[in-house]
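Enquirer: What follows is a structure written as structure tokens; I'll ask about it next.
None of the figures in this text is laboratory data; all of them are computed from the coordinates on show. Quantities reported herein were computed from a predicted structural model and do not represent experimental measurements. Cβ placement follows ideal geometry from the backbone for every residue including glycine, while neighbour counts extend to all protein chains displayed.
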Amino acid sequence: MCNFLKNLFKKRTTDVIIDEKNAMKKFLIVGLGNIGEKYANTRHNIGFKILDYLADKESLTFETQKLGDLTTYKFKGRTYILLKPSTYMNLSGKAVQYWLTKEKIPIENLLIITDDLNLPFGSLRLKTKGSDGGHNGLKDIQDKLNTTKYNRFRFGISNEFGKGRQVDYVLGKWDDDENTKLPERLDKSIELIKSFATAGINNTMNTFNGK
């Protein structure tokens, strides 16, 4: 009887360890954006654009599921769950919280991709925490997760707009010069995402921030 209980406890402990190891190899990569053709290829939708670019490169197909479109990418023993929330930008936190919980992904394995007006066009910046910076998508994620300590990948869209024109600029289409430069910047963004899960957050920040 004692041996049976010991073996049962040992098996359960082993199962927990395996689950924890598997969880650490699973990552939720969330690109922020607004759904609908109206918002396609706008600066504010760079999160969607980066994930679409990765999916196209790797021949992945997004499927519509609860609160978003998802696809799975496997690379070097890691599983990347790519999510484009269908909740609209300002309610992104609901989708993030749902899929973190459903997939049992630790918050340190979460990466949010968003636009940033305060960075030059195409500049990349990875951070482990911080304020929402006035970004409504990040604000909702912060509120739903009840923390500012989550990884975010900010893609610079610059602030080349006149007074009172911020909304038009952010929701505007990329100009010809930006469209010419975007593919190289998108390639670099994909490298950053892959590195995040394989090399770790600190190494990735050192390699890509400001590049």
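Enquirer: At a Förster radius of 22 Å, what calculated FRET efficiency corresponds to the Cβ-Cβ distance of residue 207 and residue 149, to the nearest 0.05?
Expert: Computed FRET efficiency for residue 207 and residue 149: 0.55.
Enquirer: Top mean-square fluctuation among 167, 96, 30, Gaussian network model of the chain, C-alpha springs under 10 Å?
Expert: 167
Enquirer: Order these by the 10 Å Cβ neighbour count, fewest first: 84, 26, 102. Could you put the intermediate results ahead of the total?
Expert: On the way: 84 25, 26 17, 102 13.
By the 10 Å Cβ count, ascending: 102, 26, 84.
Enquirer: Please give, to one decimal in nm, the separation of the simple spin-label points placed at residue 57 and residue 139, each 7 Å out from Cα toward the Cβ.
Expert: 3.3
Enquirer: Apply 1/(1 + (r/R0)^6) to the Cβ-Cβ distance of residue 107 and residue 190, taking R0 = 35 Å, and write down the FRET efficiency to the nearest 0.05.
Expert: 0.95
Enquirer: Next question, about the same structure. Taking amide H positions as placed in the peptide plane 1.01 Å from N, state which residues far from residue 35 in sequence (5 or more) or on other chains have amide H under 5 Å from it.
Expert: Distant-sequence amide H within range of residue 35: 88, 89.
Enquirer: If you restrict to DSSP beta bridges whose two residues both lie in the chain, what percentage is antiparallel, to the nearest 5?
Expert: So the antiparallel bridges amount to about 50 percent of the total.
Enquirer: May I pose another question? When the helices in the chain are scored as -39500 (n - 2.57) per DSSP H run of 4 or longer and the sum is shared across all residues, what 222 nm value do you end up with, to the nearest 500 deg cm²/dmol?
Expert: Mean residue ellipticity, 222 nm, calculated: -13500 deg cm²/dmol.
Enquirer: Please give the direction-averaged projected area of the C-alpha convex hull for the range 143-190, in square nanometres with one decimal.
Expert: 5.2
Enquirer: I would also like to ask the following. For the residues 207, 64, 42, what sequence is obtained by ranking on other C-beta atoms within 10 Å, fewest first?
Expert: The fewest-first ordering by Cβ neighbours comes to 64, 207, 42.
Enquirer: Would you mind calculating the gained length between residue 178 and residue 159 on full extension (0.36 nm times residue separation, minus the Cα-Cα distance), in nm to one decimal?
Expert: Result for the pair: 5.5 nm of gain on full extension.
Enquirer: Can you tell me which of 164, 122, 77 moves the most in a GNM of the chain? Springs connect C-alpha atoms under 10 Å apart.
Expert: Top of the fluctuation ranking is 164.
Enquirer: Collect residues whose amide H, placed 1.01 Å from N in the peptide plane, falls under 5 Å from the amide H of residue 68; neighbours closer than 5 in sequence don't count.
Expert: It is 86, by chain and number.
Enquirer: Taking neighbour Cβ counts within 10 Å as the exposure measure, how do 161, 196, 153 sort from fewest upward?
Expert: Ordered by Cβ neighbours within 10 Å, fewest first: 161, 196, 153.
Enquirer: Projected onto the charge dipole of the chain (+1 at Lys/Arg Cβ, -1 at Asp/Glu Cβ, origin at the Cα centre), which of 79, 207, 35 gives the Cα projection farthest towards the positive end?
Expert: 79
Enquirer: Pop out the ³J(HN,Hα) list for the range 162-173 in order, Karplus 6.51 cos²θ - 1.76 cosθ + 1.60 with θ = phi - 60°, rounded to Hz; leave Gly and Pro as x.
Expert: Once θ is set to phi - 60°, the couplings for the range 162-173 become x, 4, x, 10, 4, 4, 4, 5, 5, 8, x, 7 Hz.
Enquirer: Which of rounded, prolate or oblate describes the range 25-208 when judged by the alpha-carbon gyration tensor and an a/c cut-off of 1.5? Kindly include the intermediate steps, with their values, before the conclusion.
Expert: Working: a/c = 1.38, a/b = 1.27, b/c = 1.08.
In terms of gyration-tensor shape, rounded.
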